[in-house]
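First comes the structure, then the notes that go with it.
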Amino acid sequence: MFKKVLISNRGEIALRIIRACRELGIQTVAVYSEPDVESLHVQLADEAVCIGPAASSESYLRVDRIISAAEITDVDAIHPGYGFLAENAHFAEVCASCNITFIGPSPRVLRLMGNKSAAKEYANKTGIPIIPGSKSAVDSEVEALKLARAIGYPVMVKATAGGGGRGMRTAHNENSLVQGFHSARMEAEKTFNDPAVYIEKLVLNPHHIEFQIFGDNYSKVIHLGERDCSIQRRNQKIVEECPSSLMTEELRTQMGEASIRLAQAIGYTNAGTVEYLVDEELNFYFVEMNARIQVEHPVTEEVYRCDLVKQQIRVAAGERLGNYMTRATPRYHAIECRINAEDPSKNFQPSPGTIKLYYAPGGYGVRIDSHAYAGYPVPQHYDSMIAKLIVAASSRESAIYRMGRALSEYLITGVHTNIPFQQAIFRNEDFCRGRYNTNLVERMIQEMSLARAEK
């Protein structure tokens, strides 16, 4: 087992990894940017190293500075968390060249699955249905228009190196395609340092379903069921649940087997997800593979009673998948709400500032993953998520009631949060009855806007 692990990330996921390491008897090293000096992951790690100013491009995305921090603190491994460098093949290769274990898939797999166009082509070769679209990156506006005419509107423009809903635009006609093509490229360049985009057919009214996979270094690959991530705003997830109310046993078997088949074909190791869109006729289409731990991994942990982050570390250290993973069966229903520092009344505008009061809910079946606390300065430079509220219960109905109760107890002042909007979701009749898709949130926003306008 490793003696010391550096976490090349920030926020709640850095804290999550520190806690997992502590329980495995591993020392931890935090890296942080200047505005994150007061963050909990910096305070709770055994050591901490400042790696630069606020801009991610000068701190959390600087491979050289992170590797330097790893070398001066003499770590055995680096855990990248999610986002930033988590799926960066070059970073994983540099780690290997410095004799530091990268806790994640191999550089070859990261490179293969990191290019969304190439990943779709590979999935298609393994017999997994894919959404019609471009076979490679689209380099010009003219090419984009030609492809969209051939595919048929509406279409999606998506960053090839994308993730987290970044670098994605919907286009319903030529004007919106031209605008979306250029804005997606600009956002992809800023977020991923790679402007490449591809185009695919937009599946109307789908569910966004992802399967949690896990592989060890001994050719063992499993899946731990699905998560329904259809509650999203602008392609960014807000609520996730496990299992999905859409799923039938037959469909779960088909999608689970497809996910394992793809992972085995590419020699996948460590944690990852295979993401799909499922249409109204229950046809499923491969979207992408996320070669990392996901933000929403706690719902799987609660349903399958396992620790995915600890298992990541164990597998990276050369251990086989534990029996508690390979024999895990679903027992509960779990739901996660992302608590963001943003103002829903102002088009979800980010709300940086200092948290004055912070009271987190508790009680049976309630879990909080957060780096926030009273007095914590929420920086303006990063993602607005400050907490994840997770509940587990014996049924979906009970989980919905428990989440409603937990949201009503959550108290955060000093910054605006999306808690009121989350509460509205859990009062929504379509959501409560499981009759929803990726359009629910946008529909709710339109209805709220009309209601305000009528007053």
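The values are calculated or read from the model by the stated rules, or taken from the named source; none is laboratory data. Every value quoted in this text rests on a predicted model; they were computed, and no experiment measured them. Every residue, glycine among them, receives a Cβ derived from its backbone with ideal geometry; neighbour counts consider all protein chains shown.
Is it the case that some residue within segment 106-120 is at positive phi and either in a helix (DSSP H, G or I) or of a type outside the set (A, V, I, L, M, F, W, C) (or both)? No, that holds for no residue.
A quick yes/no check of all residues on (1) surrounded by fewer than 16 Cβ atoms within 10 Å (Cβ to Cβ); (2) assigned to a helix (DSSP H, G or I):
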residue: S398; (1), (2): yes, yes
residue: Y401; (1), (2): yes, yes
residue: S408; (1), (2): yes, yes
residue: P420; (1), (2): yes, yes
residue: F426; (1), (2): no, yes
residue: D430; (1), (2): yes, yes
residue: R435; (1), (2): yes, no
residue: T438; (1), (2): no, no
residue: V441; (1), (2): no, yes
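Of the candidates I199, I238, the single residue that is part of a strand (DSSP E or B) and more than 21 Å from the chain's Cα centre (by Cα) is I199.
Out of the residues in segment 76-105 that are outside any helix (DSSP H, G or I) and of a type in the set (D, E, K, R), state the one that is surrounded by the most Cβ atoms within 10 Å (Cβ to Cβ). Within segment 76-105, the match that is surrounded by the most Cβ atoms within 10 Å (Cβ to Cβ) is E87.
Would a scan of segment 388-396 turn up a residue that is in contact with a strand residue (DSSP E or B) (Cβ under 6 Å, 6 or more places away or on another chain), in the same structural domain as C337 (by TED's automatic domain parsing) and closer than 17 Å to P344 by Cα? Checking segment 388-396: not a single residue is in contact with a strand residue (DSSP E or B) (Cβ under 6 Å, 6 or more places away or on another chain), in the same structural domain as C337 (by TED's automatic domain parsing) and closer than 17 Å to P344 by Cα. The residues listed here are S97, S59; of these, the one that is out of contact with any helix residue (DSSP H, G or I) (no Cβ under 6 Å at 6 or more places or on another chain) and closer than 25 Å to I339 by Cβ is S59.
Looking at the structure I just gave you, is I67 within 23 Å of N270 (Cβ to Cβ) and not in a helix (DSSP H, G or I)? Full working, then the answer.
On the way: within 23 Å of N270 (Cβ to Cβ): yes; not in a helix (DSSP H, G or I): no.
When the stated conditions are applied, I67 does not pass them.
Filtered by the rule that a residue be touching a Pro at 6+ places or on another chain (Cβ under 9 Å), closer than 15 Å to I100 by Cβ and either surrounded by fewer than 24 Cβ atoms within 10 Å (Cβ to Cβ) or of a type in the set (V, I, T) (or both), segment 3-47 gives a lone residue, I7.
Each residue in segment 329-346 was checked for being among the charged types (D, E, K, R) and touching a Gly at 6+ places or on another chain (Cβ under 9 Å), and 0 of them qualify.
For the condition outside any loop (DSSP other than H, G, I, E, B) and surrounded by 23 or more Cβ atoms within 10 Å (Cβ to Cβ), Q212 qualifies. Among the residues in segment 247-266, are any assigned to a helix (DSSP H, G or I), over 15 Å from the mean Cα position of the chain (by Cα), surrounded by 18 or more Cβ atoms within 10 Å (Cβ to Cβ) and hydroxyl-bearing (S, T, Y)? Yes; the residues of segment 247-266 include at least one that is assigned to a helix (DSSP H, G or I), over 15 Å from the mean Cα position of the chain (by Cα), surrounded by 18 or more Cβ atoms within 10 Å (Cβ to Cβ) and hydroxyl-bearing (S, T, Y).
Can you name the residue in segment 52-75 that is crowded, with 22+ Cβ neighbours inside 10 Å and aliphatic (A, V, I, L, M) and, of all such residues, is farthest from S39 (Cα to Cα)? Before you say what the answer is, go through the steps one by one.
Quick first cut of segment 52-75, residues crowded, with 22+ Cβ neighbours inside 10 Å only: 59-60, 66, 69-70, 75.
Next, from what is left, pick out any that are aliphatic (A, V, I, L, M): 66, 69-70, 75.
Working: I66: 18, A69: 18, A70: 20, V75: 21 Å.
Top of the filtered list is V75.
Counting just the residues of segment 322-365 that are among the basic types (K, R) and at pLDDT 95 or above, which one comes out nearest to G225 (Cα to Cα)? Filtering segment 322-365 for residues that are among the basic types (K, R) and at pLDDT 95 or above, the one nearest to G225 (Cα to Cα) comes out as R338.
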